[in-house]
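Everything below concerns the one structure shown next.
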Amino acid sequence: MLRLEKLTKTYKTGDQALKQVDLEVPQGQVLALIGPSGAGKSTLIRCINRLVEPTGGAAWLGGVNLTALGQRALRRERRRMGMIFQEYALVERLTVMENVLSGRLGYVGFWRSFLRRFPQSDVDEAYRLLDRVGLLHMADKRADELSGGQRQRVGICRALIQNPALLLVDEPTASLDPKTSRQIMRLIVELCRERDLAAIINIHDVALAQMFVMRVIGLELGRIVFDGAPDALTPDVLTQIYGEEDWEATIQTVEEEEEEAGTA
Amino acid sequence: MSSSELDTLIGTRWKKPPFIRRVWLRSALVLGGFLYLVLAIASVEVNWSRVYEGLERGAAFVAAFTTPDFTTRAADIREGMLESIVMTVAASVVGILISIPIGLGAARNLAPLPVYLVCRGIIAVSRALQEIIVAILLVAIFGFGPLAGFLTLSFATIGFLSKLLAEDIESMDRAQAEAVRATGARWTQWINYGVQPQFMPRLIGLSMYRLDINFRESAILGLVGAGGIGATLNTAFDRYEFDTAAAILILIIVIVMALEYLSGIVRSRVQ
Amino acid sequence: MATRTLPDGTRTWRRFTPSQSVVRWMGWLIGVAVFVWCWNRISESTTWFFVWDAPRIAGDIISRATPPKWPYVNELWWPIWDTLNIATLGTLGSLVMAVPVAFLAARNTTPSRFLVRPVALLIIVSTRSINSLIWALLLIAIIGPGVFAGIVAIAIRSVGFCAKLLYEAIEEIEQTQVEAIAATGASRWQVMLYGIVPQIMPALAGIAVFRWDINIRESTVLGLVGAGGIGLQLSASLNVLAWAQVAVILLIILAAVGLGEWVSAKVRGAII
């Protein structure tokens, strides 16, 4: 469904953030993108919906080459890609409802959005999504009154109301505590399953990635160095991605946690 | 719990909650604002035929900017500009020097109450009076000439700088100041080592900014006879000599831009 | 900072090296020389006889100004209303012009950094550099004396001020919030509406009230050059040396300025 062909990004400074990345994601697959800071995880995600312009290669979504689109066509395609951000990126001075409804901006005209007159079907869907993530009672609160986990839930609603085929998720748990992080990851994965969505999740927490996804991609210096199932992440692989470190502890904690989860 | 809540909400229209939630207050504000605007606009008398005639003069003025005339009144312009600059420099120096003790005195964490009240009083008076009004009074007292302008600008500088300085000192880092006091320093030493380093960069930045304002203000003091380029400019407008006026305005803009550029450099160096 | 060896062989600490000290002393010397020169020029063009006479004149003015001629207040209601209108309508007018200029001037929203932005910055610096009284002089020459000239003068003078503060606020917005809106497939204008405008609203409101406060002060003196408001009465009273009336007007101006400051502080407190 999503296919990257030799996707390349070279910044003006000469830094090569992505080196000819090839990747294929079938419908409904949730994959995690791991790698050290600066490996190009964020750039990869942003090159797909072109918040960052790729300098070479192609990205196909369905039958459309995203990298070749003009502004107008790009906006239409962006509606099919929901994005969830690190640090939530909610518009803080707007209400929760406005933030959720802003996911429909690609579908409604300027004046309707100016007057906040969204179609009733959009409003109903927003209510349903907020109910699904347990925030219906917060609908008219301002986004900056919410806690971190609550904000990220609103961010998820904003991405889902676009009715996307693909979710691009950039470090969804970066500023959350461990418990909330898991809840958010679980929510994302559940929602993807419910709606048969593909998702690319950038994440630096390897253990968390292993817990929730079916496929892991390891990125190092703009290249894919690992592609496989979560349990194939051996210390050797992690060393290749991140460099020398004692990896046994990381992997062990995951197993223990899984046992805990199993007994609970 | 939430699903019944959801059922009641589905199908209902959603409206952004209003900024002011109390209905009576919101409608009163909207109505009052609207009423005021109607009354205010209605009370402004505009002679549209006069305005229409004026458009031609306006175009002539804009055109004059492409052909500014620096030469016809070169001597007047040079004298006026020089006088403006002289007033600006002298008034800024004196103003800054006086505003430091007053600023220290107006900081509640440094000064005893009587000193504080006197200094705050001086600041309040200086800030409340427009430069041009002060200039009128000073011209009446000291006679025409740049002395009145110099005094006006100094006085205005004191109000401006002392207030900001005092606020800065009041919000300064107590720990640094206390550390110096803890060494057994005298009051003057304490100010010099514990307080001064904290406000100096900002004082320099603000002084540069005030220099800029003083120059702009000096351009109008001439209108009431307090020296500077204003008198020449006024004459030029009275005689519809737009090209001379344009020349003066261009000079003012260029000097202000130069001062802003300079203050940018100075500020980036001291911070 | 430097250490220096004294003649007796011990080393000591100095804040500056010798050459740094020389430069600093030269700087101070030049500064003092410039100031003395400036002062001399002022002194040359001053009639010192009048200055020595100043205390007596000041006393004379004060004695004529007291008590203020209170009944004169009744002639001032209309000019006060005009003054308020000049400030308010002028501020509104300036905001209408300043908002687009600010968007054109901010690095992150300008359509073109090399063509449009310099023009917007030029508008900002030129309207800011020129005092509202000068704008009033100019507008009176163009569209004739009256309140309207005052409103336009205030509006033009404030454009640069408001646009400068606003474009700085626009440049400081959080870019990720804008990105998030752009990622939903929103159009350019929708991104502005949902991503940028909510972030700058508090700044805009603060700037508007702050400038309105300043404009109240400025509009009180526009009448001196014929642009309407209470300044006209001030000018007329000064011309006939009616100091008791001048006193009344000055007190009213002070009250208006105080009121303006109070209102603006209240409103700003409510916004933030």
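The values are calculated or read from the model by the stated rules, or taken from the named source; none is laboratory data. Since we're looking at a predicted model, the values are computed, not measured. Here the Cβ positions follow ideal geometry from the backbone for every residue, glycine too, while neighbour counts run over all protein chains shown. Side chains included, ligands, DNA and RNA excluded: accessible areas come from the protein's heavy atoms. Shrake-Rupley method; radii C 1.70, N 1.55, O 1.52, S 1.80 Å.
Tabulated data
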read-out	value
Order by protection proxy (mean Cβ within 10 Å, highest first), peptides A:78-86, C:258-266	A:78-86, C:258-266
Cα-based shape type of the stretch B:108-181, given that a ≥ b ≥ c are square roots of the gyration tensor eigenvalues and the cut on a/c is 1.5	prolate
Whole-angstrom gap from the stretch C:29-83 to the stretch B:217-268, using each part's C-alpha centre	22
C-alpha center-to-center spacing [the stretch B:133-208, the stretch B:99-126] in angstrom	10
Peptide A:118-131, shielding by other chains (average Cβ, 10 Å cutoff)	3
For residues of C:54-61, the mean tally of beta carbons on other chains within 10 Å	3
Space enclosed by the convex hull of the alpha-carbon atoms of the protein assembly as shown, per residue, Å³	257
Listed residue (C:222, C:191, A:135) projecting farthest to the positive dipole end of the protein assembly as shown, Cβ model	C:222
Computed label-point distance, nm, for sites residue C:271 and residue C:50 using a 7 Å Cα→Cβ extension	4.3
Cα shape, chain B, gyration tensor, a/c 1.5 rule	oblate
Average partner coverage of C:255-264, which counts Cβ from other chains inside 10 Å	1
Accessible-area order (highest first, 1.4 angstrom probe) of the listed residues A:151, B:108, A:3	B:108, A:3, A:151
Estimated [θ] at 222 nm from DSSP helical runs (n ≥ 4, -39500 (n - 2.57)) normalised by residues in chain A, nearest 500	-11500 deg cm²/dmol
Ordering of B:35-45, B:118-128, C:240-250 by packing [mean C-beta count within 10 Å, highest first]	C:240-250, B:118-128, B:35-45
Per residue accessible area of the protein assembly as shown, 1.4 Å probe, in Å²	47
With all protein chains modelled, accessible area of residue B:50 [1.4 Å, Å²]	60
Chain B: DSSP helices with Cα axial extent of at least 27 Å and average Kyte-Doolittle hydropathy no lower than 1.0	B:23-43, B:74-105, B:146-170, B:242-270
Lysine pairs meeting the criterion (Cα under 16 Å, 8 or more apart or interchain), as found in the protein assembly as shown	7
Interchain or long-range residues, amide H under 5 Å from residue A:94's placed H	A:143
Dipole in debye (nearest 20) - the stretch C:121-234, about Cα centre, beta carbon charges: Lys, Arg +1; Asp, Glu -1	380
Residue C:20-residue C:239 pseudo-label distance in nm [points 7 Å out on the Cα-to-Cβ vector]	6.1
Antiparallel DSSP beta bridges within the protein assembly as shown, percent to nearest 5	60
Mean-position separation - Cα centroids, the stretch A:222-245 and the stretch B:63-92, in angstrom	73
Rounded accessible area of residue C:107 (nearest 10 Å², 1.4 Å probe)	120
Residue among C:237, C:19, C:112 with the largest mean-square fluctuation in a Gaussian network model of chain C, springs linking Cα atoms under 10 Å	C:19
With all protein chains modelled, accessible area of residue B:88 [1.4 Å, Å²]	10
Among C:85, C:239, C:131: highest mean-square fluctuation, GNM of chain C, C-alpha pairs under 10 Å	C:239
Listed residues B:163, A:41 arranged by accessible area, highest first, probe 1.4 Å	B:163, A:41
Shape call, chain C: gyration tensor on alpha carbons, a/c limit 1.5	oblate
Considering only the stretch A:131-245, percent of DSSP beta bridges that pair antiparallel, nearest 5	50
Built amide H within the under 5 Å cut-off of residue A:225, gap 5+	A:218, A:219, A:220
Chain C: most fluctuating residue of C:21, C:129, C:187 per GNM, C-alpha cutoff 10 Å	C:21
